[in-house]
Structure formats: C-alpha cells, structure tokens
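Values quoted throughout were computed directly from the atomic coordinates according to the rules given, and no laboratory measurement underlies them. Given the structure is predicted, the values throughout are model-derived calculations rather than measurements. Ideal geometry is used to build each Cβ from the backbone, glycine not excepted, and the neighbour counts take in all protein chains shown.
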There are 2 protein chains.
Amino acid sequence: MIYPRDPDRPEIAMGARARRSPFFDRAKARGACMYSIYNHMLMATSYGNPGREYDLLMNHAAIWDVGVERQVQLEGPDAMKLAQLMSPRDVSKCKIGQGFYTPILSRDGGVINDPILLKLNEDKIWLSIADSDVKLYAMGLADAMELDVVVTEPDVSPLAIQGPRAEDVVAAVFGEEIRAIRYFYFIETEIQGIPVVLQRSGWSKQGGFEIYLCDGSRGGELYDLMWAAGETLLGENWGPGTPNPIERIESGLFSWGTDFDEQNNPFECRLGKWCDLDGDHDFLAKEALLRIREQGPREQLVGLHLAGSEPLPGAVKPMQLTRKDGSEIGTLRASTWSPRLERNIALARVLTAESELGNTILAEVADGSMVEATVVNVPFV
Amino acid sequence: MIYPRDPDRPEIAMGARARRSPFFDRAKARGACMYSIYNHMLMATSYGNPGREYDLLMNHAAIWDVGVERQVQLEGPDAMKLAQLMSPRDVSKCKIGQGFYTPILSRDGGVINDPILLKLNEDKIWLSIADSDVKLYAMGLADAMELDVVVTEPDVSPLAIQGPRAEDVVAAVFGEEIRAIRYFYFIETEIQGIPVVLQRSGWSKQGGFEIYLCDGSRGGELYDLMWAAGETLLGENWGPGTPNPIERIESGLFSWGTDFDEQNNPFECRLGKWCDLDGDHDFLAKEALLRIREQGPREQLVGLHLAGSEPLPGAVKPMQLTRKDGSEIGTLRASTWSPRLERNIALARVLTAESELGNTILAEVADGSMVEATVVNVPFV
C-alpha cells in the first residue's frame, strides 16, 4: 500500500497511543476531519468549514468534543494541601461546587499548566487541564512528601455546549434550574442515568456549559441527547464545533503550549493577576514570584494588529518579531483574521521594553515577508 | 475557506503548540506526509511508502527525524540521586559515556516512561524519553525535596540512522573510529562545528546510531551532511524513514503509551528484568515492587499470532480480546502484518491467567469481527 503523498496536507497517524474520547465516533460521524493530539488524546480541530463553525459559536450554539480536557484528580486528606502547593491563589477560598482558574506553578515560577480547579469536596479536587502532564508533577510532589493523596486521571470527559444559545440547549436537557448556575460553578447530577458534572464554563467568551461525562462507556448516549436537543431547538443553527482558533484569539483566551509554557512565569503571560503574593497561604513558587515581581519580567504576552486589509494565512508555527532594524525581540505565537475587527490580529511574546501599547514592530508572516505590527491590548474585542 | 472533508483520512492540525524538530523542513522536503504528536512535537510517521521504508531499514539504511525523542536533563550535585529515585536499576553502575535502558517509576510502581538514561558526567544525566512529561515528575520530586539539581529540556534533538548499513554511513561522516562504540555507549563530538552526542542506539533492532544534535539552529546542516553521505554510499538504497511500526512489533520493541502506560507496573509489561530489588540501591518504587512481585501481576504483555494468511488492517485503537465464551480478558495494543513471518502479529495485554504460551483466545479486528489468536513469545523473530 502506498499512501497518497501530500506533504502540505499531511494526515494524522492513528494508534493506541493517540487515545480517543468517548465522543470520538460521534464527532467523526458529524464530519471531524482534522485533529491534533492533546493530553495524549485525539482532539478534533475542524469540521471542514471554519466560517460556519465561527458563526454557530458567535450567534447560535455548537457542540464540542473536548474530552481531551483531562481531569487530574487529587483525592484524600491532603488533596487541598497538594493543590495549594501548586497554585498561587488561595485555594481555601474556593467553595465546594466552585471552579477557580489558576496557574499551576513549579518552585521556580514556571507555568506548568493553567487549569480550572474544581472543588468537589474537601478531599477531592479536579484540575481540568491544558496540554501537559500535570498529573506527573502532582505525583512527584506527593511521592516525595509522602502526602496522603491519590493522584489519578479519572474516567471524566467534558463535552462543551458553547454559544449564546448554549444555555437554552442545556436547559432543555437538564431543566430550567441550570440557568441559576453561576460562572465556573458546577453541580453533580445525572441525565437518563448518565453521571455528569455540569459547569458553566468553556473555552470561549460566548457563554455555555461543559458537561463532564463521568462514565466513558456512555459518551455516545450523552452526545446524542445533547445533539437532539440542539437540533430541536435551533435546527440549522446548530452543529459541531471545536475550541475556536479565531474567537479565542479575539477574546484573549490563552492556550498553554501555544502562547506560553513552563519556561514562562505568570508575569510574562498576563497571569500575574492570579498570583496572590500578599495572602497568608504559602505555595512552592512564592519566593520565586516575589523575586520576579521585584525584577520585572523579561518578556510580555501582548496583542498585535498586523498591517493589511486582507486575511493573512494563520501562523502554523512561531514566527519572528523584530525591531525595524531587524533585531529579534520575540515570537508571534498565533494569528488570525478577525471577522469582528476586520483585521489581522495575533498573540505574541515580546521583550518587556517593546511591549508598550502602540509600539510598532515587524512581524514575519507565512510567506516569510515582514509586515508592520502594532502592540494593542488583549482581549481584542 | 472550506477544507476538503474526509473524516477517514483526517489532516493533522498545525500550530505553535505542535512544536517542530530542527529537521522538520528537511523531512517535509523528503516527503513526510503523516504525523503524530509526541512530546508536544510533530513526529513524521510516514513518507507514503511503508514497503520501501521497511526494506530500507531491514536491508540498507534510512535517516529518521526523531527530534521528538526529547531529553530531560538533570544537572547538578543531586542529578544522580534524582535519577536513582526514579529508576529500579542501580544507576551508580552506569559509566560516564554509557546509556542505560530503564523504566522510570512512581512510588506506586507505575511506569511513567522507559527512556535511555545517558550519563554525560557525574553531575549531568539525560533521560531520552518516550511520550510523557517525565520532566514534570522529576521537577516535582526535586521541588519537594529541594534537591540541588536543575531539571530542563535542553536544545537536543536526535537524528537516527538505522539499518544494517547505518554504521557505514555514520563512519563515512564521523570516521572509522565510531565503529568501536559499543551498544548504548556514546561520545560527545562535533562535525563541521556542529555539536553532537553520537550513540550506538535507536528504536530498531537493525543496528545504527542516534546523533543528538546539540544546537537546534543547525538541524538542516546536519541532515544534509548525513543525507549526502547516505546517498553517496548507498544510492537508491537510502532514504527517509521513521520509527517503524512493523519492525518494532516484530522485534518486540515497546512503545510507552501504545503498549502500556503509567497505570501498568513493570511486571505487567515485560520490564521486570530491569527491576533490581535485591541490590543496595534504594528507589521510590522499591516497596511497591516488592509487594507486586509477591502478589504477581494482574496482567501480562504478550505476543499474539492472529489467524489468517492475508494482511489484516493494523489496529488504530485498542481492540478487545476475549475468551471463547466472549468474556473480556484484555486489549490488543498494536498489530501488523509481518513480512518476515508472513502472518499477522500483535502486542496485547491479557490477564495473567490467560498469558501462557499457546493459549488460544479471540481478538477483535478492524471490521469488528473476532479472529482466533494464539499467545506467543516476544520478540516474534
């Protein structure tokens, strides 16, 4: 067998190492045709029609297989202690049934991940993670300190309903009372006997819920239930989607691994506001963060407007940023044409000295040429 | 823009999160047309002609971009101490300039990874890892114990030359003296000013070397050098390849994440021989392993011969294994048609009670039907 060769449209390799979400077959049947791998699992990233997917998210509602958003479960008497070691927020303030967005930091202040922390009870925490093995860092701490906590990846897989009509779809299935759930709060419930955690959350700014399926054998049933509700309510204005690369940049939602990683500290990637250095709580990175705050960060995560009134191809790798004299000052991490702003926008990391609003620099684009770029605020809209 | 939709041949998504090896552009120019993501980096898995790639590996030589095989560097006075905490082997026996294959174990005995440990000097270790963030586990231990060690992912990217003629190709570039390098031993050297570590190693049983590029900006140069040497020496019998899914199963080379993961202990995945429980060295998992050895492992990694004289499609996900009465006994992890054996073979994990050689069970194949399977020894050839 010889495969069709097209190095410009490469296929993704399948195998047991690229795990499948419980919704995989349903997403494929709905037309998923492009994937990444995220937390060792296949993640659908396109259904072939970016314009329609953006429209559903902005104006209607869509269903996203985000089973790749794995949970790291800390369970046992030391669960809260372990969570606090890794978080610069005072996690004792998180209520049962609440979620906290928090950086997860190593002792040197590196951002290992930026999950939502869900407090299920005093002895049970989930970290709903981005694409790095937080479980291994948590296990390393627990193993070394002999903490009384078990760190696992439980059988929990989120399915997101996102968009301005998402609440209506979710209410049609789970009942009107879910409208009272506040942002990042959640309930443990079930639907037709399928155990789920239902949270007002999701990786968009268009509103919606994440339904954390707690029994992977029932993914198809849950997907079908939600699909039917969406179709009944919204007809053509309903369909599959994915974490949206356009909306997330416009809205200034960060992507760990794309925009920054564990080589960055929180002050370099707009996460400083989540670092509470003046509270009574202690955490591993506190000393490092006090020092970095004093010295000032080396670089900053900024927004850029890119010159030109036509869509540029999106960056598929980090692109160079330079001063006008050609000297390097950082990298462009992700870019898109913004339908709302009708211009090209990007997220970038630049030296702090070049990060002031209005500064004009040069950015490499896909064909290798350099275009003028202006530092602007994030979010863009 | 609407993408061509083909859910059966899905594309891989590109972006800054899927990092690129220093050899990426060269591999693409040579026809890489299928990728996975491994250690947060794009890994070429096919050049479109599996038959030729297998032939080059078995009978000639091939060049593989294995930059995804990242190094976790432990550097500082406590480097050896940290390595020993994670390894069941007595790492003090590893000489400077030597590599040790070793499981990396958590305190409960889970196999976090199975790297080659390279001892560069008394204070500097590399773990040349499979696809999990070992760095985070090592950092967790070091952060909790306040060890005097810095854990990093250095700018080091292996390029493999594999096959029976690989040594000739490498000798043509690095000199005849490299023929004296023993298996898993390495030298630090440079070629045309490019710093590399050269090791007799690689994820095949056909012989060869891995050239660990130590300056990512020079990947193109190194690739071109090796390419030219191979072409001069071997002409048509030279080309690009990848870690080979056929040869690796035939040869019984394991793939962490495919065949087993951190939910398995070493006795479940044929790694028991690397667990030295009777030496003087201590390590985190020792107590757990003594207990598991006493109790016996729950399941075993075995080889299977699958019925049928025609090639079956390779498994792209874990497939069910059952007794003849239909009761579940494990999962088939990876399968292939073996050109050397002219039969279908597979690696599988089955309950210990079903693991004896010659036991006959049923295995699910790609179309959902069940075929007869017989437990056999690994390696297959």
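General observations
- The equivalent ellipsoid of the protein assembly as shown has semi-axes of 38, 32, 29 Å, largest first, where each one is the square root of 5 times an eigenvalue of the Cα gyration tensor.
- Summing Lys and Arg as +1 and Asp and Glu as -1 over all other residues whose Cβ lies under 10 Å from the Cβ of B:V72 gives a net charge of 0.
- Max mean-square fluctuation residue, GNM over chain A, Cα-Cα springs under 10 Å, options A:C269, A:C94, A:C214: A:C94
- Candidate lysines for bridging to B:K95, where Cα separation is under 29 Å - those fewer than 8 sequence places away on the same chain excluded: B:K81, B:K119, B:K124, B:K135, B:K205, B:K273, B:K286
- Dimensions of region B:2-59 from C-alpha coordinates, computed as largest minus smallest value along each principal axis and given longest first, are 42, 28, 20 Å.
- The fraction of all Cα pairs in chain A landing in successive 10 Å bins from 0 to the largest distance is 5, 22, 31, 27, 13, 2, 0, given as whole percents.
- Shown here is the pair-distance distribution of region B:121-241: with all Cα-Cα distances grouped in 5 Å bins from zero up to the longest one, the shares run 2, 10, 19, 20, 18, 12, 8, 5, 3, 1, 0 percent.
- Each copy carries a label point for A:R291 at 7 Å from Cα toward Cβ; from one copy, the others' points are 3.8 nm away, ordered from shortest.
- Relative intensity of region B:181-307 on a log10 scale, I(q)/I(0) at q = 0.12, 0.18 Å⁻¹, equals -0.72, -1.10, per a Debye sum over C-alpha point scatterers of equal strength in the absence of solvent.
- With distances taken between every two different alpha-carbon atoms, region A:37-118 has a Kirkwood hydrodynamic radius of 15.5 Å.
- Taking all pairs of distinct alpha-carbon atoms in region A:176-234, Kirkwood radius in angstrom: 12.3 Å
- Chain B holds its axis-closest Cβ, relative to the rotation onto A, at the residue and whole-Å distance B:G140, 1.
- Other-copy label distances relative to A:P379, 7 angstrom Cα-Cβ extension, nm: 5.6
- Viscosity 1.567 mPa s, temperature 4 °C, Stokes-Einstein D of region A:248-318 from Kirkwood C-alpha radius, µm²/s: 89 µm²/s
- Residue-averaged [θ]222 nm for chain B, counting only DSSP H segments that reach four residues, each worth -39500 (n - 2.57): -6000 deg cm²/dmol
- For region A:252-364, Kirkwood radius (reciprocal of mean inverse C-alpha pair distance, Å): 15.3 Å
- Copies compared at B:G220 - label distances in nm, ascending, label defined 7 Å from Cα in the Cβ direction: 5.0
- Bridgeable lysines around B:K28 (alpha carbons under 17 Å apart, same-chain partners fewer than 8 residues away excluded): A:K317.
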